[in-house]
1. Against the definition (outside the structural domain of Y46 (by TED's automatic domain parsing), touching a Pro at 6+ places or on another chain (Cβ under 7 Å) and farther than 25 Å from C59 by Cα), how does H397 come out, yes or no?
2. Out of curiosity, is K316 basic (K, R), assigned to a strand (DSSP E or B) and over 26 Å from D216 (Cβ atoms)?
3. Sort through H326, H397 and tell me the only one that's part of a strand (DSSP E or B) and in contact with a Cys (Cβ under 6 Å, 6 or more places away or on another chain).
4. For residues in segment 230-261 being among the hydrophobic types (A, V, I, L, M, F, W, C) and over 20 Å from G53 (Cβ atoms), which is farthest from the chain's Cα centre (by Cα)?
5. Out of curiosity, is E283 in a strand (DSSP E or B) and acidic (D, E)?
6. Looking at segment 371-423, which of its residues are in contact with a Phe, Trp or Tyr (Cβ under 6 Å, 6 or more places away or on another chain) and among the aromatic types (F, W, Y)?
7. Within the bounds of segment 333-342, is there any residue that is out of contact with any helix residue (DSSP H, G or I) (no Cβ under 7 Å at 6 or more places or on another chain) and closer than 30 Å to E382 by Cβ?
8. Restricting to segment 238-259, name every residue that is surrounded by 14 or more Cβ atoms within 10 Å (Cβ to Cβ) and over 16 Å from D303 (Cα atoms).
Amino acid sequence: MDDHKFDDIIKGKMNDYEAPGFDPSALSALHRQMDSLTVWPWYSRYRTELLLGSGLMLCTLIVLWSQWYYNNRETLALEKNSVLLSVQQSQIEQLQHEIEVLRSLPPDTIRIIEIKGQPAPATEGYVQRIKTLEYIIQKMTESEMAHKDGVGQNTSASLDTPLASSVNESGYFHAPNFSSRLMPREPDKESVRAPFTVKAPAETRGRQLSARTIRDLEKHYRKGIGIRVGPAIEISRGFYDTGNSRADLVFGVLGDFIVSPSLSFETGAKYAHRTYEITNGAELSGMQLPGVDPSLGPLAAADVDSWMAEFPINLKYCYPLSMKTHLLAGIGYSSILYTKQVFEYYHELSSDPSAQINTSHKIEQFTLYPGMLNFSLGVSKELKHKKILETSLYYQHGLSKLGAENAQANFLGVRGTYWFMLK
């Protein structure tokens, strides 16, 4: 028997062979399910994120370039001022050096000193008075020393006659007679009285202005409606009626219109990509999820990705803690616009529970929902160059069901805003 005939016999037997329990319809159903799966390119799935990310990156670069430009101008002005100051300082030092040189030069003034051999009559009178005073001081000193030694009783008698005669003969000075009263005692070395001390003034401290005074100052210097804009970044987490979520990042650009020192209106646009998953089979069976194929088996889990834009309108109340620090409280409303949703489903195979089939359903349709009620509490701090950094804790309460899955959601997060004053 040749090889070709042997191969034909084997092929005939294999074609007529059927495995026990083989179901041709199941194989065809599996092929149909595989053909129904749609493979989406990665860039089409993240097209909106790429566009928004590019826009935010462009805005950030513009803001950074403007900051660099203005800072560079200020730096050049400071450098010019420093150069002028150095030139002026050198000129001052040169003038001081010239003054010192002029002071060191000997004077060219001729002084004439006249020495007279015979004193003038007026000079003789003054000389006699000086001698008389010296004599009186000498006698007073001797009487004080005698009093200390216990022999000062005859001091007054010894002083009266010589002093009076000498003074009267001169005709220029008449000293009164000394009394017989003893000289007062020498004061103690350590006085009993408290020493006179001048207390140094206490350190002057800055007085804390009251909130009313700060508001009056702000009203005085404010003209019209103030306007400021800035980028905002949020970290928030959603709390859904079904499923578990994670912390999501929210980016946006906001504007604040200040109508008074205590009230302002905030508005703008924010964009977020929020995700959550549902792993409870009982919850999944009670939900009306779009694009579910019951023929694939029961749902084991579902992931929901939502791309949404938020347009808030908030009323904020500002309470001043100092001239540069304010406490903020806000309440407002936000409308939610869904731009895209992707649902990923995981089906269990009835024949093999350990295996799962993954399918996805994509919705690219703009849908506007009533939105959220906003509450916020935060603090703002004024930085250099009139920039303001604001941080706040906020809570958003859902007013209706959101998304194609009709889920009730609330959000809690932290927001940071960097304000640029325009007016």
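The values are calculated or read from the model by the stated rules, or taken from the named source; none is laboratory data. From a predicted model like this one, the values you see are computed outputs, not experimental measurements. Note that we place each Cβ from the backbone using ideal geometry, even for glycine, and neighbour counts take in every protein chain shown.
1. Working: outside the structural domain of Y46 (by TED's automatic domain parsing): yes; touching a Pro at 6+ places or on another chain (Cβ under 7 Å): no; farther than 25 Å from C59 by Cα: yes.
So H397 does not fit the description; no.
2. Numbers: basic (K, R): yes; assigned to a strand (DSSP E or B): yes; over 26 Å from D216 (Cβ atoms): no.
Considered against the rule, which asks whether it is basic (K, R), assigned to a strand (DSSP E or B) and over 26 Å from D216 (Cβ atoms), K316 comes out as no.
3. Details: H397 fails: in contact with a Cys (Cβ under 6 Å, 6 or more places away or on another chain).
Only one candidate qualifies: H326.
4. Only one residue tops the list, namely F239.
5. On the way: in a strand (DSSP E or B): no; acidic (D, E): yes.
Criteria not met by E283.
6. F375, Y395, listed by residue number.
7. Taking every residue of segment 333-342 in turn, at least one turns out to be out of contact with any helix residue (DSSP H, G or I) (no Cβ under 7 Å at 6 or more places or on another chain) and closer than 30 Å to E382 by Cβ.
8. Within segment 238-259, V250, F251, G252, V253, L254, G255, D256, F257, I258 meet the criteria.
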